[in-house]
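For reference, the structure is listed below as C-alpha cells.
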Amino acid sequence: MRITLTPMSPDDREPVMDIFNFYIENSYAAYPEQRLPYDFYDIFLSMCRGYPTAVARNEVGETVGFGLLRPYNPLPAFSKTAEITYFLKPEFTGRGIGKTILEHLIDEGKKQGLTTILASISSLNEWSIHFHKKHGFVECGHFKKICRKNGKVFDIVYMQKML
C-alpha cells in the first residue's frame with residue numbers, strides 16, 4: 001500500500017476527528033469518555049503548533065491515520081523533548097502505516113533539534129506498548145491507577161525514545 005504523508009491542515013478536521021473519536025468510543029487508547037466535536041481539531045492544531053504533524057492517505061486519497069508531536073512541557077528546559085500521538089483507522093493497522101508515521105515524525109523532530117520523544121500509553125493498550133518497544137522505545141515511567149474511563153481505572157505507561 002502506498003501512503004502519502006502531508007502536514008495536518010484545517011481540511012483534515014473531519015477525518016482526523018472521526019479516527020480519534022473511534023478510539024474514544026471503542027477503546028482505552030484515547031482518554032476522553034465522550035466523543036469530541038469537530039471543533040476540538042483546533043486544539044490539536046494549537047497543541048502541535050511548531051512541531052511536525054502527519055496525515056496519512058492511501059492511494060485513493062482516503063485519510064487512514066494521523067500523528068503529531070507536541071511539547072512535553074512548555075518550559076524552555078524541556079524544549080528538546082516532545083510527546084507523540086498517533087492513531088490509525090482500525091482496518092489499516094498492521095500494514096506499516098504507524099511505522100511510517102512514527103519514522104516521519106522522528107526524522108522531522110530530529111531536524112528541529114529534538115533529542116527525546118515520549119509516549120503516554122494506557123496500560124490496557126498492550127498492542128501500543130509492544131509497538132513502541134519494537135520501535136526502540138523503552139518504558140521510563142509507570143503511573144498506577146491514575147486514569148479513569150467508563151468506570152474502569154487503569155495505569156499510564158510512559159515510554160521514551162532517545163533520538
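Structure data summary
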read-out	value
MRE, 222 nm, helices only [DSSP H, n ≥ 4, -39500 (n - 2.57), over the chain, to nearest 500]	-8500 deg cm²/dmol
CYS147-LEU45 pseudo-label distance in nm [points 7 Å out on the Cα-to-Cβ vector]	2.7
Sparsely packed trypsin sites (Lys or Arg not before Pro) within the range 5-55, loop by DSSP, other Cβ within 10 Å at most 14	ARG35, ARG49
GluC sites (Glu not before Pro) restricted to the range 1-82 and DSSP loop, no more than 10 other C-beta within 10 Å	GLU59
Built amide H within the under 5 Å cut-off of GLU83, gap 5+	ARG70, TYR72, LEU118
Virtual paramagnetic centre 7 Å along Cα→Cβ of GLN160, amide N under 11 Å, in the range 98-132	116-119
Estimated inter-spin distance, ASP107 and THR93, nm [label 7 Å along Cα→Cβ]	2.5
Least to most buried among CYS147, CYS48 (fewest other Cβ within 10 Å first)	CYS147, CYS48
Projected area, mean over directions - the range 4-162, Cα convex hull, nm²	9.1
4 °C / 1.567 mPa s Stokes-Einstein diffusion coefficient of the range 47-132, Kirkwood radius on C-alpha pairs, µm²/s	95
5 angstrom amide H check on GLY65, placed H, neighbours 5+ away	ALA56, LYS89
Paramagnetic reach from ARG2 in the range 63-90 [backbone N under 18 Å; point 7 Å along Cα→Cβ]	63-65
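Just so you know, all these numbers are worked out from the coordinates, no wet-lab data involved. Because the structure is a prediction, the values reported are computed rather than measured. Glycine also receives a Cβ, built like all others from the backbone with ideal geometry; neighbour counts cover every protein chain displayed.
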